[in-house]
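Presented below is the structure to which this report refers.
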Amino acid sequence: MAATGFIDVHAHFVTDSYVAAARAAGVEHPDGMPGWPAWSVEEHLDMMKRSGIDKSYLSISSPGVHFGDDGEARALAREVNEFGARVRTEDPQRFGLFASLPLPDVAGSLAEAAHALDVLGADGVVVETNHHGLYLGDPRFEPLWEELDRRSAVVFVHPTSAPHADELALGRPRPMLEFLFDTARTASDLLLRGVLARRPRIRWILTHGGGVLPLLADRMELFRTHVGGGAVDTSSAVEQLGRLWYDMAGTPFPRQVPAFDAAFGTERLLYGSDYCWTPIDAVLAQVTSIDSAVQPSATVTWRDLTTRNARRLFDTDAR
């Protein structure tokens with residue numbers, strides 16, 4: 001029997017004009033990486049064929065579309081979203097789209113979310129773990145969460161560099177360690193400021209197995225309940241965080257997924273390649289590690305499990 005095809009919720013694209021805009025803003029080494037990747041539809045489809053991926057949900061990665069000017073960010077978000085929508089429309093069986101928002105511009109993001117979801121047919125939106133130092137629990141973002149909760153929208157949360165990242169990262173690329181901490185940092189902000197409790201219909205996706213979140217969830221609960229670490233909810237931190245969705249981009253085996261499973265279970269675990277920021281050889285090596293790992297059961301593979309979960313995520317009637 002043929003192996004189940006992956007559904008990839010963590011896949012990226014870039015355009016020449018997007019990279020040019022970033023470089024014009026002085027971003028030559030995004031998040032401390034050596035440079036910008038290349039991307040094309042043809043190369044992405046080839047990667048999918050070689051990796052056994054049936055569908056990829058495309059998004060713009062860090063550093064996002066806001067380089068300091070609200071008007072320019074709105075225009076750039078619209079441009080990349082319309083490009084991604086064309087790719088999706090031309091091959092809807094193979095591609096989906098998480099639309100970019102010009103955060104921290106909330107008014108612009110509300111307008112772009114409406115255009116992307118209602119006009120372009122995007123499958124969700126992508127935000128970063130922080131936007132110019134504002135984390136996702138910040139009260140200024142509340143109108144956006146209210147609207148996306150009303151829509152039961154998918155919100156893909158991609159990590160980015162934390163404030164003062166140069167000092168924190170010790171000269172190393174931020175995706176190696178800092179992205180994993182910033183994912184936990186923004187998740188804690190959503191939890192402790194009560195956003196997760198107030199906006200339960202948003203379908204949040206966190207990347208890289210939640211980063212360090214599985215190891216810190218119990219510690220968050222300790223501070224939340226005993227030291228006044230945030231708003232009290234009837235559900236524990238582990239329970240609230242376990243209602244989110246997570247992809248396994250990065251290095252899921254042999255250690256990360258078992259730790260994630262122990263914290264949150266695997267009913268909301270999804271596949272992610274992180275292509276094109278992750279080169280094709282690394283994507284293929286990750287797929288090999290997934291396929292050769294101890295599988296969830298004698299009859300269910302990681303491909304089966306993550307694809308089933310993805311179908312449930314995008315089917316509101318099945319959730």
#### Entry: Residue ID - surrounded by the most Cβ atoms within 10 Å (Cβ to Cβ), chosen from residues in the stretch 77-98 that are touching a residue at least 40 places away in the same chain (Cβ under 8 Å), in contact with a Phe, Trp or Tyr (Cβ under 7 Å, 6 or more places away or on another chain) and part of a helix (DSSP H, G or I)
Gly84
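What are the residues in the stretch 210-229 that are in contact with a Leu (Cβ under 8 Å, 6 or more places away or on another chain) and surrounded by 20 or more Cβ atoms within 10 Å (Cβ to Cβ), if any?
Gly210, Gly211, Leu213, Ala217, Met220, Arg224
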### Task
Only residues in the stretch 52-64 that are under 23 Å from Ala3 (Cα atoms) count as the first member; pair them with residues that are assigned to a loop (DSSP other than H, G, I, E, B) and of a type in the set (D, E, K, R), Cβ under 9 angstrom, at least 6 apart or cross-chain, and list the lot.
Ile53/Arg94; Asp54/Arg94; Lys55/Arg94; Ser56/Arg94; Tyr57/Asp123
### Query
For Ala107, which of the numbered conditions (1) free of Cβ contacts under 8 Å to residues at least 12 places away in the same chain; (2) over 28 Å from Glu72 (Cα atoms); (3) not polar (S, T, N, Q) fails to hold?
(2)
#### Entry: Failed condition for Val155, given (1) more than 19 Å from the chain's Cα centre (by Cα); (2) closer than 26 Å to Gly272 by Cα
(1)
### Query
How many of the residues in the stretch 230-274 are of a type outside the set (A, V, I, L, M, F, W, C) and over 16 Å from Phe179 (Cβ atoms)?
18
## Note on the structure
Filtering the stretch 233-260 down to residues that are surrounded by 15 or more Cβ atoms within 10 Å (Cβ to Cβ) and among the acidic types (Asp, Glu) yields Asp233, Asp247
### Query
Of all residues in the stretch 115-151, which are more than 18 Å from the chain's Cα centre (by Cα) and either under 17 Å from Arg86 (Cα atoms) or buried (at least 22 other Cβ atoms within 10 Å of the Cβ) (or both)?
His115, Asp118, Val119, Leu120, Gly121
### Query
Can you name the condition, by its number, that Leu45 falls short on among (1) assigned to a helix (DSSP H, G or I); (2) crowded, with 19+ Cβ neighbours inside 10 Å?
(2)
### Summary
Every listed condition ((1) within 12 Å of Gly211 (Cβ to Cβ); (2) touching a strand residue (DSSP E or B) at 6+ places or on another chain (Cβ under 8 Å)) holds for Val155 save (1)
### Query
Quick one: how many residues across the stretch 56-76 are closer than 23 Å to Ile205 by Cβ and assigned to a loop (DSSP other than H, G, I, E, B)?
7
### Task
For the stretch 270-282, enumerate the residues that are part of a loop (DSSP other than H, G, I, E, B) and under 14 Å from Phe253 (Cα atoms).
Gly272, Ser273
### Query
What pairs can you find where one residue is in the stretch 1-28 and of a type in the set (Asp, Glu), the other is surrounded by 14 or more Cβ atoms within 10 Å (Cβ to Cβ) and part of a loop (DSSP other than H, G, I, E, B), and their Cβ atoms are less than 8 Å apart, with a gap of 6+ or different chains?
Asp8/Gly272; Asp8/Ser273; Asp8/Tyr275
### Task
Please enumerate the residues belonging to the stretch 302-315 that are under 24 Å from His44 (Cβ atoms) and either surrounded by fewer than 19 Cβ atoms within 10 Å (Cβ to Cβ) or aromatic (Phe, Trp, Tyr) (or both).
Trp302, Asp304, Arg308, Arg311, Phe314
### Message
Going through Ala263, Ala310, Ala285, Ala249 one at a time, which residue ends up being assigned to a helix (DSSP H, G or I), touching a residue at least 24 places away in the same chain (Cβ under 8 Å), small (Gly, Ala, Ser) and closer than 20 Å to Ala3 by Cα?
### Response
Ala310
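Laboratory data are not the source of any read-out in this text; all were calculated from the coordinates shown. Computed from a predicted structure; not experimentally measured. Cβ coordinates were reconstructed from backbone atoms using ideal geometry, including for glycine residues, and neighbour counts include every protein chain displayed.
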